[in-house]
Protein chains: 2
Amino acid sequence: MNTQPDLTRADTRTRLLEAAGETFADLGFRNTTVREICRRAGANIAAVHYHFGGKEELYLAVLTHSAAASMERNPLGGAPAPGATAEDRLESFVTSFLERLLDEGRPAWFGKLMAREMFEPTRGLDRIAQEFARPQYGRLSEIVAELLGPAATETRVKLCCSSVLGQCLFYKHARPMIDRLMPGQAFEPEQRAALAAHITEFSLRAIRSMRESAATGRGG
Amino acid sequence: MNTQPDLTRADTRTRLLEAAGETFADLGFRNTTVREICRRAGANIAAVHYHFGGKEELYLAVLTHSAAASMERNPLGGAPAPGATAEDRLESFVTSFLERLLDEGRPAWFGKLMAREMFEPTRGLDRIAQEFARPQYGRLSEIVAELLGPAATETRVKLCCSSVLGQCLFYKHARPMIDRLMPGQAFEPEQRAALAAHITEFSLRAIRSMRESAATGRGG
């Protein structure tokens, strides 16, 4: 039995995903044509219909495929030991979230696509929010609520989660500005670990202090 | 004396800046042509050369013009009273930075342009970093160093500044994700004030706790 046709099909699919990721990132969803993707992939238009159905389905496949690949490389919340404290779980969450954001195995176009989604959201963002962001956010909320203890109100949990996420996202979203304002900052594994340690420490200190004030009835 | 020609010149310049902002935001610097900008502005190509010199100068004018306009609406660090404490100055910094980020008077294309600069930096980002971001960052560093007191090392000041900036930028950069994950979150003046108050409180608690640990020689 000759497996050549299957191999070719798999190759075409992968080439289309790669070419589509690049093209959508360069031109945006609206300005991208299936024709241009096929030109870059060296495939014919029928292949897009065969493998994905159409332009929108191809776009969703590009987003979810590359989000899933990055999640696999850096699993959600790392792998905290059974019975890990909320402090340990926060550290593990921050470390793996930062690794995923700074993931060098992720193609450059994925960051661009997500940046585009932040300005011109499409159904792709609904999908990413639902399948990837929501479970992460739920997990972080649980950790933060446990850390806040009696100080945990719904609003405060939400605000503290935002503080944790914002500190991590900064190193992704503001990177070229960081390069200009803090020229010594490197992002090798050693520095990434130091950033995760700082974000964890900063957040734990803030949250603990909130908890203590609630316990003693004192303000900040 | 007839002032008509001057008014027309001013109008053309403004129309070109607006049209250029939109076009650069839609297509990116490289894919934008002066011809397309002129088409949208209803101006001729000579007007771009007359008012700005060329495409790159027009792009820099668009960026700096709109950054300056937003700075004017929300002055750097607000206007803290003379003799204000470092705590008050941090609150004032966070409030005005957040107002500027969420500035509704700013055209939508400015955010897109800055997002593009974060993925494909041009000389425009160098200019924005130098003229706008650096003075802000210097001011925040001074406040944070004063708050940290004996705990202030160069590295820790930089990390804590990043924590403050990241918490603010989150509400700008991650807005569509926030809309999906925290559907109740509004951004009216009342909520913006609550966000600024939380970011200030979270940061002050973290920094104070670092300072106390340094003073007593205890770890976190």
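Summary of computed values
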{"read-out": "Qualifying residue in segment A:181-204 (condition: free of Cβ contacts under 8 Å to residues at least 60 places away in the same chain, basic (Lys, Arg) and part of a helix (DSSP H, G or I))", "value": "no"}
{"read-out": "Some residue of segment A:43-59 being open to solvent by 40 Å² or more (accessible area, probe 1.4 Å), over 30 Å from B:Met114 (Cα atoms) and in contact (Cβ under 8 Å) with a residue 12 or more places away in the chain", "value": "yes"}
{"read-out": "Residue check for A:Gln167: open to solvent by less than 60 Å² (accessible area, probe 1.4 Å) and more than 27 Å from A:Ser213 (Cβ to Cβ)", "value": "no"}
{"read-out": "Every residue from segment A:174-199 that is among the small types (Gly, Ala, Ser) and at the interface with chain B (Cβ under 9 Å from one of its Cβ atoms)", "value": "A:Ala174, A:Gly184, A:Ala194"}
{"read-out": "Whichever residue in segment A:140-173 is without any contact (Cβ under 8 Å) to a residue 12 or more places away in the chain and more than 7 Å from every other protein chain (Cβ to nearest Cβ) and, among such residues, is nearest to A:Ile199 (Cα to Cα)", "value": "A:Glu142"}
{"read-out": "Subset of segment B:86-98 that is crowded, with 20+ Cβ neighbours inside 10 Å and touching a residue at least 40 places away in the same chain (Cβ under 8 Å) - its residue that is nearest to B:Ala174 (Cα to Cα)", "value": "B:Leu98"}
{"read-out": "Unmet criterion (only one of (1) over 22 Å from the mean Cα position of the chain (by Cα); (2) more than 7 Å from every other protein chain (Cβ to nearest Cβ)) for A:Ser209", "value": "(2)"}
{"read-out": "Qualifying residues in segment A:140-158 (those that are out of contact with any Lys or Arg (no Cβ under 9 Å at 6 or more places or on another chain), among the β-branched types (Val, Ile, Thr) and assigned to a helix (DSSP H, G or I)) - the one surrounded by the most Cβ atoms within 10 Å (Cβ to Cβ)", "value": "A:Val157"}
{"read-out": "Enumerated helices (runs of 4 or more DSSP H) restricted to segment B:40-139, each holding at least 2 residues that are away from chain A (no Cβ under 13 Å) and not hydroxyl-bearing (Ser, Thr, Tyr)", "value": "B:45-51, B:55-73, B:86-101"}
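Residues are listed down the side, and each one gets a yes or a no for (1) small (Gly, Ala, Ser); (2) over 21 Å from the mean Cα position of the chain (by Cα); (3) at pLDDT below 95; (4) farther than 24 Å from B:Met114 by Cα:
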| residue | (1), (2), (3), (4) |
| --- | --- |
| A:Gly28 | yes, no, yes, no |
| A:Ile37 | no, yes, no, yes |
| A:Ala69 | yes, no, yes, yes |
| A:Val94 | no, no, no, yes |
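The values are calculated or read from the model by the stated rules, or taken from the named source; none is laboratory data. All values reported here derive from a predicted model rather than from experimental measurement. FYI the Cβ positions are ideal-geometry reconstructions off the backbone, even for glycines, and counts take in every protein chain you see. The area values use the complete protein model at the heavy-atom level, side chains included, leaving out ligands, DNA and RNA. Shrake-Rupley method; radii C 1.70, N 1.55, O 1.52, S 1.80 Å.
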